[in-house]
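Data first, discussion second: the structure below is written as structure tokens.
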Amino acid sequence: AYRFRHDEGIVMLALKTADAHADHKAFCDLGYAAGEPFGFERAATAADGSESRIGVRIAFAEDHRSPDCLFFTCEHLSADTLWTPDNVVHANGVIGITAVYMSEPNPADFQYYLETLTGQRDIRASSAGIEADTGHGLVAILTPYALNALFDVPSAHHGRGLQLRGFSLAVRDIEALAGYLDGQEVDYRRHGQRIIVDPAVGQGAFICFEEAAS
């Protein structure tokens, strides 16, 4: 259904949780649940040849006013096995996600939904929109105008409802990233102190890179 309306882009956003079943109950109580929790496990082989089981448990949430934006919380059942140092080192120098950006003409209409999804009651609001600090990055709902002002990306909105538009990533050295993107022949542009990779075929969202504070 999303591809029918928008061709391509970000359809879902995953948020970390310690208890997917508790999230599902909360989503049910508030009318946001989207189906039963889903879980799966599989065997994984590490670089040293050792084998273990990894798995996740997922709880889905949706606001029916936003058919093009689904959320789920993800509980890792074997996080110590999965998130080893070797598994989180990237050649592009990225060290973490700093923010995920959605657009909506009236962000305040979705404040309670954002509070429920993130578990944060201290939602920051301004004329640009609203945002929640999860402790691992921001989840922001901005007006199309504010999103354009911040990242120089055109509005892709079609009526009301949340639409996931892009995200920002932290790197230790922005110039090293630029050199890496040049080597990979990835098109990008400078926007202030940021580097932005605009939506492209097969991507459908902007990616913003920011140098991490020392």
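The values are calculated or read from the model by the stated rules, or taken from the named source; none is laboratory data. Since this is a predicted model, take the numbers as computed values, not measurements. All Cβ positions, glycine included, derive from the backbone under ideal geometry; neighbour counts span all protein chains shown. Just so you know, the surface numbers come from the protein's heavy atoms only, side chains and all, with ligands and any DNA or RNA stripped out. Shrake-Rupley method; radii C 1.70, N 1.55, O 1.52, S 1.80 Å.
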ask   = With the Cα gyration tensor of region 1-41 giving a ≥ b ≥ c as the square roots of its eigenvalues, does the rule (a/c under 1.5 for rounded; else a/b larger than b/c for prolate; else oblate) give rounded, prolate or oblate?
value = prolate
message = Could you report the chain's accessible area per residue, 1.4 Å probe, as an integer in Å²?
response = 56 Å²
inquiry  = Relative contact order for region 23-158: what percent, with Cα pairs under 8 Å and sequence separation of 6 or more?
reply    = 16 percent
key: Charge tally in the Cβ shell below 13 Å around Leu138, where Lys, Arg are +1 and Asp, Glu are -1, Leu138 excluded   = -3
query = What are the ³J(HN,Hα) values, in whole Hz, obtained from phi via the Karplus relation 6.51 cos²θ - 1.76 cosθ + 1.60 with θ = phi - 60°, for each residue of region 84-95 in sequence order, with x given for Gly and Pro?
reply = 7, x, 5, 8, 10, 9, 10, 5, 7, x, 5, 10
ask   = With no solvent and one point per C-alpha, what does the Debye sum give as log10 I(q)/I(0) for the chain at q = 0.18 Å⁻¹?
value = -1.43
ask   = Between Ser78 and residues 5 or more places away or on another chain, which pairs have amide H atoms under 5 Å apart, with H built 1.01 Å from N, and which residues are they?
value = Gly55
note = Within the chain, the percent of DSSP beta bridges that are antiparallel, given to the nearest 5, stands at 70 percent
request  = Tally up the carbon and sulfur contribution to the accessible surface of the chain as a whole percent, 1.4 Å probe, everything protein left in place.
outcome  = 52 percent
key: Sequence ranges 53-64, 12-23, ranked by mean other-Cβ count within 10 angstrom, highest first   = 53-64, 12-23
remark   = Checked against the positive end of the charge dipole of the chain (+1 on Cβ of Lys and Arg, -1 on Cβ of Asp and Glu, about the Cα centre), the farthest of Ala44, Leu177, Ile195 is Ile195
Amide H within-cut-off set for Gly93, under 5 Å, with H built and near neighbours excluded = none
Within the chain, helix-based [θ] at 222 nm, where runs of 4 or more DSSP H residues each add -39,500 (n - 2.57), nearest 500 = -5500 deg cm²/dmol
task = Assign one of three labels to region 59-144, namely rounded, prolate or oblate, based on the Cα gyration tensor with a ≥ b ≥ c the square roots of its eigenvalues; rounded applies when a/c is under 1.5, prolate when it is not and a/b is larger than b/c, and oblate otherwise.
result = prolate
Other-chain or far-sequence residues with amide H under 5 Å of Leu169's (modelled H) = Thr98, Cys208, Phe209, Glu210
note = The summed charge of the Ala212 Cβ neighbourhood (under 10 Å; Lys/Arg +1, Asp/Glu -1) stands at -2
query = At what distance in angstrom do the alpha carbon centres of region 16-34 and region 178-208 lie from each other?
reply = 35 Å
